[in-house]
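Before any comments, here is the structure.
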Amino acid sequence: MTAPLVYANYGLPPDYEALEKAGVDVKGKIVIVRYGNSFRGVKAKVAQDHGAVGCIIYSDPAEDGYAQGDIYPKGPWRPVASGQRGSVQFLFQYPGDPLTPGKPAIPGTPRLSLEEAYADIPRIPVQPLAYDEARKLIEPLKGPVRPRGFQGAFPFPYHVGGTNDVRVHLKTDMDYQSRTLWDVVARIDGAAEKDRWVIMGNHRDAWVFGAVDPNSGTAAMLETARAFGRLLKNGWQPRRTIILCSWDGEEYGLIGSTEWAEENADELQQKAVAYLNVDVAVNGPNYNAASVPSLWKLIRAATRDVRDPKTGKTIYQQWQDRAREQRAETDPDLNAEARIGPLGSGSDYTPFLQHLGIPSTDMGFGGDYGVYHSAYDSFYWMSHFGDPDFLYHIAAAQLWGTIAMRLADADGLPFDYTDYANQVRDYFNESVLLAKRRNLESAIDEKPMNDAVKNFTDEAARVEKERQKLVAESEKSSASAAKLRHLNDALIAAERAFIDDRGLLGRPWYRHEIYAPGIFTGYAAQPLTDFRQALDDRNTTNAKEGLDRIISAIKRATDVLKKGSE
Ligand SMILES: [Zn+2]
């Protein structure tokens, strides 16, 4: 099609409001939007919902190019002729095969029609573009000049266009076919608890070479597997089963992991202890992690036992020092721990945590990564910029293996729900502040939530004491060992209790009441999701309903913990 071009900044709802104010309508037009501030699938959906007939997404040098630093091959940042590929599936609706939501894409499963699948993929053509090409389209635009926040790093004032001066002919060549994907799954059976699974996962498919994404993670997985093999030969066998998964089709929409999780949903809900994801293991030296709060202490403990290759300090110390530096001006609390982020979406932990309620983690080492999803994510890039001596690859494998082995071998599972309870309380307090700023506080009855969180906190503290006691006794007493196993099961099941079978509002595939990606963030988590979204929408009915469901989920988790130590 051919239509006038409109520059719509990041392509998010406030940008379209700004365009409307400037008198520019995108209906029937093609929009060009820059990467940043949300997952690209959100940009496609928002463009389509505003009536645009096509969407071009480009990397502006402000966020991803020369404004950040030297560009490849002189430095690690995106060169002018590089575009960022990537899925524009509506992952925030549901991931996996768009034709089989909630069900495994195996022979015999009925498929949706393409028309029905448009709930999960764009109807309009969407095209990624390198910034030297994008510049040719943006520079000649006329119309209103740079609404607030619209200017990027090209050396001219950005106009929004929408006039007939710049018309774009957009044609994409789509290849809609069903193809076979291959997940590779290996397992080491547990000696004492074969039916308790510690699952490690990483994807294997890449856009182009994928030296960083995902092959740094795949290298770490293979090294971890090799180490497990060595240990097995020396007579070690884990107490619980360890499963290693190499996923296919992640880049298209978390397909390999989602379909496997959907196929094995019942068994996973009974047996999975935790899911440990590594996607990008290394693109620099800075450790980062995201996780459910019950596993924070385990992650921190593992980072204390692995060395940072550059500084010789522990990973923990390097991580804390860096966090303290970044915080120095805003937060004088020198003892605060480095933050472990919430899990949203964008990698293979999504089906495990958000569809099935399996405690999950994700981690890696980050740095100046300017070649994401491009042909420059290569061995040359890694060996010159990302990790020239490949030492952080080793650290990643050590950390990942250590966490897996501790979960597989510990008598008492190292889960701590006190951190979870505190985190949920913080999320709620933030939401209440937000509601007050928006004059919506009359819609919130704080007491039932505060009571539920208080009970959860008390129960979590009690269970942790009980767990420590049983761990100490279990060596000598078989009665204590049996009790400990009962308690372990409760620690696993407490996360499951956050699942509401009805699913989140308008997107039933997402069922976790605490963690899900936001509808307008796409990747980033929006904790207490439905409640928070309702506050953004100023919808008091949904806010009440959302909060009620969260309270029920917390009560269910509290009950599970209570029963675990009876
Ligand atoms: Zn990846």
**Complete:** Result for the range 133-276: accessible area per residue, probe 1.4 angstrom, in square angstrom, of 49 Å²
**Backbone N within the range 435-475 under 20 Å of label point (7 Å from residue 304 Cα along the Cβ vector)** = 461, 464-472
**Request:** Run the accessible area of the chain with a 1.4 Å probe and give the carbon-and-sulfur part as a rounded percent.
**Result:** 52 percent
**Message:** Rounded to the nearest 5, what % of DSSP beta bridges with both residues in the chain are antiparallel?
**Reply:** 40 percent
**Prompt:** Which of the lysines could be linked to residue 313 by a straight reach, that is with a Cα gap under 23 Å, when you skip same-chain ones fewer than 8 residues away?
**Reply:** 297
**Prompt:** On full extension of the chain, what length is gained from residue 475 through residue 539, given 0.36 nm per residue of separation minus the C-alpha to C-alpha distance?
**Reply:** 17.6 nm
**Fill in**
Rounded to 0.05, the calculated FRET efficiency for the beta carbons of residue 80 and residue 286 at R₀ = 25 Å is 0.40
**Asked** For residue 442 and residue 118, what does the FRET efficiency come to when R0 = 41 Å and r is the distance between their Cβ atoms, rounded to the nearest 0.05?
**Response** 0.60
**Complete:** The answer for the net charge of residues other than residue 558 whose Cβ lies under 9 angstrom from its Cβ, with Lys and Arg +1 and Asp and Glu -1, is 0
**Request:** Only Lys, Arg, Asp and Glu count, each charged at its Cβ (+1, +1, -1, -1), so figure out the dipole size of the chain about its Cα centre, rounded to 20 debye.
**Result:** 360 debye
**Request:** Round to the nearest 10 and report in Å² the accessible area of residue 411, as given by a 1.4 Å probe over the protein chains' heavy atoms.
**Result:** 50 Å²
**Request:** Could you sort 397-409, 540-552, 161-173, 102-114 so that the peptide with the highest average Cβ count within 10 Å comes first and the rest follow in order?
**Result:** 397-409, 540-552, 161-173, 102-114
**Prompt:** Of the listed peptides 17-23, 423-429, what is their order by residue-averaged count of other C-beta atoms within 10 Å, with the highest listed first?
**Reply:** 423-429, 17-23
**Request:** Return the FRET efficiency for the residue pair residue 187, residue 325: r is the Cβ-Cβ distance, R0 is 35 Å, and the value is rounded to the nearest 0.05.
**Result:** 0.25
**Prompt:** With the dipole of the range 303-433 worked out from charges on the C-beta (+1 for Lys and Arg, -1 for Asp and Glu) around the Cα centre, which of 397, 428, 370 lies farthest toward the positive end?
**Reply:** 397
**Request:** Could you pull out every one of the aspartates and glutamates with an alpha carbon less than 12 Å from that of residue 271, ignoring same-chain neighbours closer than 8 positions?
**Result:** 193, 195, 489
**Message:** Just to confirm a number: summing +1 for Lys and Arg and -1 for Asp and Glu over residues other than residue 77 whose beta-carbon lies under 12 angstrom from that of residue 77, what do you get?
**Reply:** -2
**Message:** Run the numbers for residue 337 and residue 450: contour at 0.36 nm per residue of separation, minus the present Cα-Cα distance, in nm.
**Reply:** 38.2 nm
**Fill in**
Check: in the range 20-176 the Lys pairs 8 or more apart or on separate chains whose Cα atoms fall under 28 Å apart number 26
**Asked** aspartates and glutamates near residue 310 by alpha-carbon distance under 16 Å, same-chain residues fewer than 8 away left out - which ones?
**Response** 321, 387, 389
**Fill in**
Taking the chain and counting helices only, DSSP H stretches of n ≥ 4 at -39,500 (n - 2.57) each over all residues, the nearest-500 ellipticity at 222 nm comes to -12000 deg cm²/dmol
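The values are calculated or read from the model by the stated rules, or taken from the named source; none is laboratory data. Since we're looking at a predicted model, the values are computed, not measured. As a convention, Cβ positions derive from the backbone with ideal geometry for all residues, glycine included, and neighbour counts pool all protein chains shown. Side chains included, ligands, DNA and RNA excluded: accessible areas come from the protein's heavy atoms. Shrake-Rupley method; radii C 1.70, N 1.55, O 1.52, S 1.80 Å.
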